[in-house]
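Let me begin by presenting the structure, written as structure tokens, before commenting on it.
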Amino acid sequence: MSTILATPLPIELPDVEPLRLIGDTGKAVPAKQRHGFEIPELATLLGIYRSMVVARRWDTQVTALTRQGRLSTYPSARGQEASEIGTVSAMSPSDWLFPTYRDSIAVLTRGVPTAEILTGFRGDWHCGWNPHEHATAPQATPLATQVLHAVGFATAAKLKNDPIATVAFIGDGATSEGDAHEGFNFAGVWQAPTVFVIQNNQFAISVPYSKQTRARMLADRAIGYGIPGFHVDGNDAAAVYAVVTAALDRARRGDGPTIIECLTYRVEPHTNSDDPSRYRDASEVEKWRAKDPIERLERYLVSEGALNQSVRDEISEAAEATAKAMREALNQEPKLDPMELFENVYVTKRASLQAQQAALQTELDLDGDSKK
């Protein structure tokens, strides 16, 4: 069911108070405070809850393996499940996702096998999956580059009359990059069918939001590009799903892009090499832990009779199975071929690349002969 309003989305400054459909305590927000959006159906919310629980367990397991030295690094998304999975759940299979390095749980929810997600963090591949198979681009580590990729891809689809939309995740710190400005501006000018989801987790590594901008909120920037902007409670999966659904409907209709700021919080360190105690107080983290997005949605589903203990047990078993599959996948020694570096780069290899390929092959042959 579409949650888009009957009238076009307004291009105006959004409210300072983020849009909520379900409050912190798990109770539905009064209809007059929902700005025309409806709470998604219980079946939809139960599916989102299931994906969030599975993703939380998977993320926790990956973090543990990183601390054991099984992965080189991993940026956890704990506490941001509503923003990521609420967004991905609103997408159709043909819509394309352009994620960042912190969006592994979104990639997981798109159906990418766990082992393929983690190959990059283990250093095996730059991207471990076929992007076309899952309509999911490689996770971008350089800040904001995926914004331009999403706009370019969406514009090409529009020119081909392909009725899809693209979604680009972007962090609050990345909005300070020139690539973000260029992507927002190009999308506005070309009316690209792109939805920009800014996950404002309030820290760009160690730099707090207050030192990044004097703007009231990041969603305020939308009006400068002639794009509708929304300020959403990023810990309310129902609100995220509803607003992203509306924005995607708008994009596929040909009405252009939308910027959505999801206000949330990065509970874990930036990566396993980060010490967040150097730049934030533990009391602040605990305040946000009390706003846990999974617990909020769980309370609502229980109050509505859509979640009981047997369903919880089934979801918990599925989460454990996902974590187990990931552990087993990482126990397997990867079979790496250095020559694969030269594949899937150019349709016709340049002469310099062919020379590098030949040089590496010669080196590998000599190394193989020396071990005989």
### Message
Quick check on region 243-260. Is at least one of its residues crowded, with 22+ Cβ neighbours inside 10 Å, in contact with a helix residue (DSSP H, G or I) (Cβ under 6 Å, 6 or more places away or on another chain) and in a loop (DSSP other than H, G, I, E, B)?
### Response
yes
### Message
Any residue at all in region 285-300 that's outside the structural domain of Asp365 (by TED's automatic domain parsing), closer than 26 Å to Ser89 by Cα and over 23 Å from the mean Cα position of the chain (by Cα)?
### Response
yes
#### Entry: Checklist (1) touching a Cys at 6+ places or on another chain (Cβ under 7 Å); (2) surrounded by fewer than 24 Cβ atoms within 10 Å (Cβ to Cβ) applied to Ser83, failing item
(2)
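Within region 75-119, work out how many residues are among the charged types (D, E, K, R) and under 22 Å from Glu320 (Cβ atoms).
Count: 5.
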### Query
Is it the case that region 253-272 has a residue that's out of contact with any Asp or Glu (no Cβ under 7 Å at 6 or more places or on another chain), farther than 22 Å from His231 by Cα and hydroxyl-bearing (Ser, Thr, Tyr)?
yes
### Query
Which residue out of Val207, Val197 is buried (at least 20 other Cβ atoms within 10 Å of the Cβ) and at negative phi?
Val197
### Query
If you take the residues of region 182-224 that are of a type in the set (D, E, K, R) and in a helix (DSSP H, G or I), which of them is nearest to Pro99 (Cα to Cα)?
Glu182
### Task
State yes or no: is Ile164 more than 30 Å from Met339 (Cα to Cα), under 15 Å from the mean Cα position of the chain (by Cα) and aliphatic (A, V, I, L, M)?
no
### Message
Can you tell me which residue is nearest to Pro208 (Cα to Cα) among those in region 131-181 that are in a helix (DSSP H, G or I) and of a type in the set (Val, Ile, Thr)?
### Response
Thr175
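The values are calculated or read from the model by the stated rules, or taken from the named source; none is laboratory data. Remember, predicted model here, so these are calculated numbers, not experimental data. For neighbour counting, all protein chains shown are included, and Cβ atoms are generated from backbone atoms with ideal geometry for every residue, glycine included.
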